[in-house]
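Take a look at the structure below.
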Amino acid sequence: MRRLVWIISLTLSMQLSAQQLYMEIGKTSSGFDYQNSVGQTLENLQSTSQTYLKLGYRDVLNNSETLHFSLGATYNGYGAIGSDPVLDNFFEWDVTYVGVEAGLDFRIFRLRDFSFYVKGLASSEFLIQGNQTLNNQVFNLVGEEEFNNTIFFLKGGLMMSYPISRNTLITANYTIGKTALLDQGNETDNEQLKLTAHQFGFGIIISLPDCNCPF
């Protein structure tokens, strides 16, 4: 019994000694892939640049301290702009989502003080603000069925970290993700709107007191 208590205490101590907080901010280059109910697509959609922000918690998962789990909150802006020369019109989407993101990062190698990671992430996001511009008219997208549903992302990416103190890392990050943004679920209606996002950003990871982190 004492041995079991000791093992549990040691495990909790190891977990508590590896806790970290992180923040990341950067730019999202996003694009919308739209297909109407008869299968036609918009050919002239161009990506626009928006801001993203992430805040969360990170912890080590293995004894070699190469695999980490993260869980945090996200704020993401997405947008696209385009026109149709045949119809002589102009259209633009500008939307903002907040969400929850979970992920794993694995350190693949070190080069002096630099560490390099691969990342896999999944997120669930909710629309809080959005507008669609069509020629000279602007439409509020909040409450619209096509945009107000939850969107789900699957992402992959790379991260590089560098220690600037005993308990602080700075990071450079790149991720790419794609999701089904609009899917009516109607067998007679094939309208779809998918979202692709490339994110480039910089971040900071701060170890909590008594963290035994592998810097």
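The values are calculated or read from the model by the stated rules, or taken from the named source; none is laboratory data. This structure is a prediction, so every number in the text was calculated from the model and none was measured. Cβ coordinates were reconstructed from backbone atoms using ideal geometry, including for glycine residues, and neighbour counts include every protein chain displayed. All accessible areas refer to the heavy atoms of the entire protein, side chains included, with ligands and DNA or RNA removed. Shrake-Rupley method; radii C 1.70, N 1.55, O 1.52, S 1.80 Å.
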Within segment 111-170, of all residues that are open to solvent by less than 80 Å² (accessible area, probe 1.4 Å) and free of Cβ contacts under 8 Å to residues at least 12 places away in the same chain, the one nearest to Leu195 (Cα to Cα) is Gly143
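Here's the yes/no breakdown for (1) at pLDDT 95 or above; (2) touching a Cys at 6+ places or on another chain (Cβ under 8 Å); (3) closer than 18 Å to Gly56 by Cα; (4) not hydroxyl-bearing (Ser, Thr, Tyr):
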{"site": "Ala172", "(1), (2), (3), (4)": "yes, no, yes, yes"}
{"site": "Asn190", "(1), (2), (3), (4)": "no, no, no, yes"}
{"site": "Thr196", "(1), (2), (3), (4)": "no, no, no, no"}
{"site": "Gly201", "(1), (2), (3), (4)": "yes, no, yes, yes"}
{"site": "Asn212", "(1), (2), (3), (4)": "no, no, no, yes"}
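For segment 132-146, which residues satisfy the criterion of being outside any loop (DSSP other than H, G, I, E, B), more than 10 Å from Glu92 (Cα to Cα) and modelled with pLDDT of 75 or more? Break it down stepwise before answering.
The first filter runs over segment 132-146 and keeps only residues outside any loop (DSSP other than H, G, I, E, B), leaving 132-134, 137-140, 145-146.
Narrowing further to those that are more than 10 Å from Glu92 (Cα to Cα): 137, 139-140, 145-146.
Residues satisfying the conditions are Gln137, Phe139, Asn140.
Considering only strands (runs of 3 or more DSSP E) fully contained in segment 1-109, which possess at least 1 residues that are modelled with pLDDT under 95 and out of contact with any strand residue (DSSP E or B) (no Cβ under 7 Å at 6 or more places or on another chain)? Please lay out each step first, then the result.
Numbers: elements: 20-35, 46-60, 67-84.
Filter on segment 1-109 gives 67-84.
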